[in-house]
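Take a look at the structure set out below.
The values are calculated or read from the model by the stated rules, or taken from the named source; none is laboratory data. Given the structure is predicted, the values throughout are model-derived calculations rather than measurements. Ligands, DNA and RNA are excluded from the accessible area calculation, which covers all protein heavy atoms including side chains. Shrake-Rupley method; radii C 1.70, N 1.55, O 1.52, S 1.80 Å.
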Amino acid sequence: MKPDCGVVLAAGEGTRLRPLTQNRPKPMLPAANRPILEHVLETLVEAGVGELVVVVGYKRDRVQEHFGPTFRDVPIDYVVQDKQLGSGHAVLQARATVDGPVLVVNGDRVIEASMVEAVAKRFATTGSPALALLEHPRAHEYGAVRLEGDRVVDLVERPAEGAFRLINAGIYAVDEALFDRLETTPRTDGELGLTEALAAHIDGGGRLEGVVTEGLWADATYPWDMLVLSRAVLEANRASHAQTSPGVHVAPSASVHETAVLEGPCVVGPDCEIGPGVALGPNAALGRNATVGANAIITDSLVDVDTRVGAGSTLIDCVTGQDVALGAGTTVAGGPAEVALDGRIFHSEDLGAVFGDRVRVDGAVTAEPGALVGPEATIESGVVVDGYVQRGARVVR
């Protein structure tokens with residue numbers, strides 16, 4: 001029996017993506033110019049899913065208000081994970097809502113419908129739980145998998161660098177027996193992981209099908225990954241508007257001055273206004289109602305909803321939150337950068353700057369590579385921004 005229900009895990013906060021996630025959950029961050037979660041739901045619908053169950057938690061109103069009761073005429077049920085106690089715990093919250101086999105996917109990762117279809121087909125053919133696998137050059141950064149034939153014989157949570165090439169792609173097809181297994185799986189440090197339950201299934205003699213897939217698979221762990229994610233979506237031609245020229249996607253309601261130059265891949269969202277002499281792209285994404293002033297340059301950047309970029313500004317490797325105002329002559333020169341985040345120092349990351357929601361930047365401000373500016377901060381004219389600026393701070397020259 002082929003699973004008809006998709007369970008989407010979208011309760012996580014995404015603390016390592018701060019300041020971008022201080023006002024919304026990670027799945028609602030943009031991949032190009034629409035939320036990551038929208039890409040995920042679209043993929044499930046394209047794969048033939050007839051029912052969606054979204055597990056929400058942190059800032060769940062942002063998810064529910066955006067999507068409502070349906071997505072592309074497919075009904076959505078929301079279940080709440082009040083405390084983020086692991087992926088297995090999240091799946092358990094859906095137990096009373098689902099009936100029969102289900103597909104389980106992460107709500108913060110852009111994937112292709114063909115991957116979901118392959119896992120669903122293998123489950124329907126064999127009747128055994130199935131897991132999507134993917135070759136990845138940095139398998140040590142993800143959960144790795146040991147495969148014998150078509151059977152997964154080991155799930156390795158923290159593999160040594162270079163020891164594996166196949167990773168767990170986070171796409172599962174399972175039956176209702178998984179819920180019983182989750183109930184009896186011991187928790188680690190108070191958290192219940194989905195992979196721990198599947199490992200227990202293997203250890204008990206159960207079969208877990210491994211389905212090697214390929215295609216678009218992109219996620220974001222740290223702020224600079226948002227640029228990689230956006231670039232992957234644009235390169236895969238997954239922007240939400242038709243192309244006006246090769247690789248250039250412009251919403252019909254957007255206004256682009258005749259002297260502006262747009263280089264693909266790039267996307268301009270609804271109700272955007274692009275001024276004269278603007279150079280946009282490659283790898284630039286503008287969310288709905290963004291405004292770019294005359295002679296600004298934006299490349300390799302992600303500009304979110306309702307953001308205003310002043311005339312003569314230069315943004316390279318830049319990520320903005322929503323409703324950001326960057327004054328005339330703002331300069332973000334791009335990476336590589338050293339970034340202090342999550343108690344670590346990251347070296348040579350391609351990040352110019354991150355501006356959280358509702359940041360206000362006066363004119364002639366320069367952001368040093370790797371600058372992180374928290375929501376509602378104000379940066380006055382002539383300031384050179386470096387390091388981390390706290391939420392609501394005012395920085396003066």
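Summarised in one figure, the compactness ratio Rg/Rh of the stretch 124-177, Cα atoms and Kirkwood Rh, is 1.00.
Shape analysis of the stretch 347-397 yields a ratio of the Cα radius of gyration to the Kirkwood radius, Rg/Rh, of 0.95. Volume per residue of the convex hull around the Cα atoms, evaluated for the chain, comes out as 130 Å³. The Rg/Rh ratio for the stretch 53-96 is 0.98, where Rg is the radius of gyration of the alpha carbons and Rh is the Kirkwood radius.
Contact order for the chain, expressed relative to its length and based on alpha carbon pairs under 8 Å spaced 6+ residues apart, stands at 12 percent. The alpha-carbon of LYS2 sits under 22 angstrom from the alpha-carbons of these lysines, leaving out residues fewer than 8 places away in its chain: LYS121. Of all lysines in the structure, those lying under 27 Å Cα to Cα from LYS59, and not within fewer than 8 positions of it along the same chain, are LYS26, LYS83. For the stretch 1-136, the C-alpha radius of gyration divided by 2.2 N^0.38 Å, with N the number of residues, is 1.01.
Normalised per residue, the accessible area of the chain is 40 Å², obtained with a 1.4 Å probe and no contribution from ligands, DNA or RNA. Based on DSSP H segments of at least four residues, each scored -39500 (n - 2.57), the chain has a per-residue ellipticity at 222 nm of -5000 deg cm²/dmol.
Among beta bridges from DSSP that stay inside the chain, the antiparallel ones total about 30%.
If you find the alpha carbon centre of the stretch 77-147 and of the stretch 159-189, how far apart are they in angstrom? First find each Cα centre; the distance between them is then 9 Å.
Between the C-alpha center of the stretch 18-39 and that of the stretch 335-382 there is a gap of 18 Å.
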